[in-house]
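Below are the structure tokens for one structure; questions will follow.
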Amino acid sequence: QVQLIESGGGEVQAGGSLRLSCATSGRTFGSFAMGWFRQAPGKEREFVAAIGWSGRTTYYADSLKVRFTISRDSTKNTVFLQMNSLKPEDTALYYCAAAGRRDNLYVSATYDYWGQGTQVTVSS
């Protein structure tokens with residue numbers, strides 16, 4: 001079993017930055033690929049970014065890769081999402097997820113474990 005706890009969300013003005021964290025516990029952090037997804041009210045959950053188990057490979061939604069950066073710190077069993085130049089359309093509940101697989105990381109069904117989410121609100 002893996003527990004995922006997100007933090008770092010909040011309200012920020014357009015153009016601002018936030019850094020989300022996802023702390024993990026349970027099974028070995030290094031054996032999982034990690035991803036971030038988001039879901040805005042009335043919309044489907046969408047892929048944001050993912051990082052391989054070693055941290056050497058990263059994946060991004062095309063529309064976000066310029067502004068968002070995913071990283072992981074194996075010494076802290078934590079994955080991060082740095083979000084810059086935030087826009088009101090980035091407002092959503094952001095979820096962290098862990099996957100035992102190493103492919104199809106763009107797809108939410110690939111992931112085995114999910115956190116409860118952290119709210120990000122960007123005001124104009």
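Sequence neighbours fewer than 8 away in the same chain don't count; with that in mind, list the lysines whose C-alpha is under 16 Å from residue 65.
Once the sequence-local lysines are set aside, what remains near residue 65 is 87.
Quick one: give the max-minus-min coordinate of the C-alpha atoms of the stretch 54-120 along each principal axis, largest first, in Å.
33, 24, 22
Could you give the accessible area per residue of the chain, probe 1.4 Å, as a whole number in Å²?
So the chain comes to 52 Å² accessible per residue, rounded to a whole number.
What are the semi-axes of the equivalent ellipsoid for the chain, taken as the square roots of 5 times the Cα gyration tensor eigenvalues, largest first, in whole Å?
Each semi-axis is the square root of five times an eigenvalue, giving 23, 14, 14 Å.
Give me the number: length gained by fully extending residue 119 to residue 58, i.e. 0.36 nm times residue separation minus the C-alpha to C-alpha distance, one decimal in nm.
Once the chain is fully extended between residue 119 and residue 58, it gains 19.6 nm.
Now for a separate question. With the contact rule set at Cα under 8 Å and sequence spacing of 6 or more, what percent relative contact order holds for the chain?
Worked out over the chain, it gives 35 percent.
A further question follows. By how many nm would the segment from residue 66 to residue 107 grow when fully extended, if each residue of separation counts as 0.36 nm and the alpha-carbon distance is taken off?
Between residue 66 and residue 107, full extension yields an extra 12.7 nm.
At a 1.4 Å probe, what is the % contribution of carbon and sulfur to the accessible area of the chain?
45
The values are calculated or read from the model by the stated rules, or taken from the named source; none is laboratory data. It should be emphasised that the depicted structure is a prediction, and the values quoted were computed from it without experimental measurement. These area figures cover heavy atoms from the full protein model, side chains too; ligands, DNA and RNA do not enter into them. Shrake-Rupley method; radii C 1.70, N 1.55, O 1.52, S 1.80 Å.
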